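Below you'll find the structure, written out as structure tokens, and then a few comments.
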Amino acid sequence: MAASHISKDDRIAIIGASVLGISTALHLAARGYKDITIFDKKPQSDLTAPPTQGYPYSANRCSPADRPEYRDLSLEAINGWKAWNQELWAGKTVPPGLSPEHRVYINNGYYSHFGGDAIPEAEIARVRLMEKKGMGLALLLSTDLDHVGSANSRMFNFDPFWREEREKANIAVLDTLGGTVIVEKAYQFALYKAQTQGVKFVFGAEDGAVEELLYHKPGKDDRKNLKGVRTRNGKTHSVDFVVWACESGTSIPHLPSSLDTTAAKTYEFAAAVRIPEREELWDRFAPDNFPSWEHRLPDEQGAVIFGFPREEDGRMIVGIRATAKSNIAKNDEAINRIKRFLAEFLPELSEAGVSIEPLSANPPEVYADYCIIDRVPGVKNLLLAVDGRRTEEKFLFLPNIGSHAVDVIEGGQPAITNWKSKSAIQQERKVLGKAKL
């Protein structure tokens, strides 16, 4: 698709203060665009409020073996999180409420444990590939004594469930580049950084809710050309380019949906335990001592139990993720699986009288596994940037995914083929079909 020309002085409206929306604004500003406004119907406080009901953390890691197309993007994101820590520590970007003593990212590793007797071949291949890329000892195998020694010397916890002490097999991969993002602080940092770069925000159910896109009269090529957006309060805002970055499921007004409704669906259920302030347990599950983690269920294709370190108040999240059609996608079955896991892998919690409760205000959700960053066919100046994946997965890319959105705005192709919109793919197929005749 031919790109429309966009200048650094053009008025750019981003609809939605989502991960993609905020990240795109940051990278537009970094490339010298001067007039960027984010609209969102939520109050700003909803974005930065303490996550008392949702996940306080987001796990960071190199891409899993089944998502190799995200490998370079993941490494880029991790470097971005580390750079944001450095900005905070150096006093360069310090939002109100934070200080140079805070951090947005904890490099405490990402631990993947596997049921069975051996690490899957795909995981071993992923480790070897990183070694070939000059990143040896970034991903470590529990079956390699040199790798275990490297983890210990760098103070990474390669056996958070004390498998060896219990005389159980510790079949795992440790991602030493990965770790844990502190969601609230990360959003505070990103919003403040955007503001310091000149990005404007319009929040609120009336002022920030975009209900209509306004167009010029079609030209000779019949392609639409946006001229403004109208918010719920009746106000019209003139624009030269629009990025539609609302949360998934929200279609662009008066345009056929470009969302992939056929994408695989994932069920996710979360619960919490409350770690008592007993020194041995409190210290053990602290973020600096306990990694973000996952356990692959050997009897369920693709199902994982996952979790994070404890929060400052002692709450520790444990969840389960599976295909939406699996037997696990039932609340009773999900929490029973979690209880069985804790009984085997962390029996000291039940011994300490710790109980597990579902996150009542964070009900089970089904996510669609798609991400779209592409121009909308038939419109000269509209980019669709939506992510239907689970919050943890899309939040990983907050520091960097906007750079790839700006590449598309400036005329490039989506960095990952699957990011193309459904309508764009259909249009390409029509063109290719005609070319073959």
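In terms of packing, defined here as the mean over residues of other Cβ atoms within 10 angstrom, the peptides 186-197, 226-237 line up highest first as 186-197, 226-237. Rounded to the nearest 500, the 222 nm mean residue ellipticity of the chain from helices alone is -8500 deg cm²/dmol, with -39,500 (n - 2.57) taken per DSSP H run of at least 4 residues. Relative to the longest principal axis of the Cα atoms of the chain, the long axis of helix 71-89 lies at roughly 90 degrees. Could you pull out every one of the lysines with an alpha carbon less than 29 Å from that of residue 133, ignoring same-chain neighbours closer than 8 positions? Counting by Cα, and skipping residues close in sequence, residue 133 has these lysines nearby: 82, 394, 420.
Please list log₁₀ I(q)/I(0) at q = 0.15, 0.22 Å⁻¹ for the stretch 140-251, using the Debye equation with identical point scatterers on the alpha-carbon positions. For the requested q values the scattering log ratios are -0.82, -1.24. Sorted on the mean count of surrounding Cβ atoms within 10 Å across their residues, most packed first, peptides 370-381, 128-139, 106-117 read 370-381, 106-117, 128-139. Projected onto planes of every orientation and averaged, the convex hull of the alpha-carbon atoms in the chain covers 23.5 nm². Computed from the alpha carbon positions, the gyration tensor of the stretch 52-201 leads to an equivalent ellipsoid with semi-axes of 33, 17, 14 Å, biggest first. Listed cross-link partners 8/200; 41/235; 200/227; 41/217; 227/380 are compared with a 22 Å cut-off, the Cα-Cα value being larger for 41/217. Each peptide in 210-223, 67-80 was scored by the mean count of other Cβ atoms within 10 Å over its residues; highest first, the order is 67-80, 210-223.
Relative to the longest principal axis of the Cα atoms of the chain, the long axis of helix 121-132 makes an angle of roughly 70 degrees.
Centre-to-centre separation between the Cα atoms of the stretch 161-211 and those of the stretch 131-151: 26 Å.
How large is log10 I(q)/I(0) at q = 0.13, 0.25, 0.27, 0.29 Å⁻¹ when the Debye formula is applied to the Cα atoms of the stretch 155-213, each weighted equally and without solvent? Those come out to -0.64, -1.07, -1.09, -1.13, one per q.
Pairs of Cα atoms nearer than 8 Å and 6+ residues apart set the relative contact order; for the chain it is 23 percent.
A short reminder: the numbers here are calculations on the coordinates, not readings from a lab. For clarity, every value in this text was computed on a predicted model and none was experimentally measured. A quick note on method: Cβ atoms are made from the backbone with ideal geometry, for glycine too, and the neighbour counts reach across all protein chains shown.
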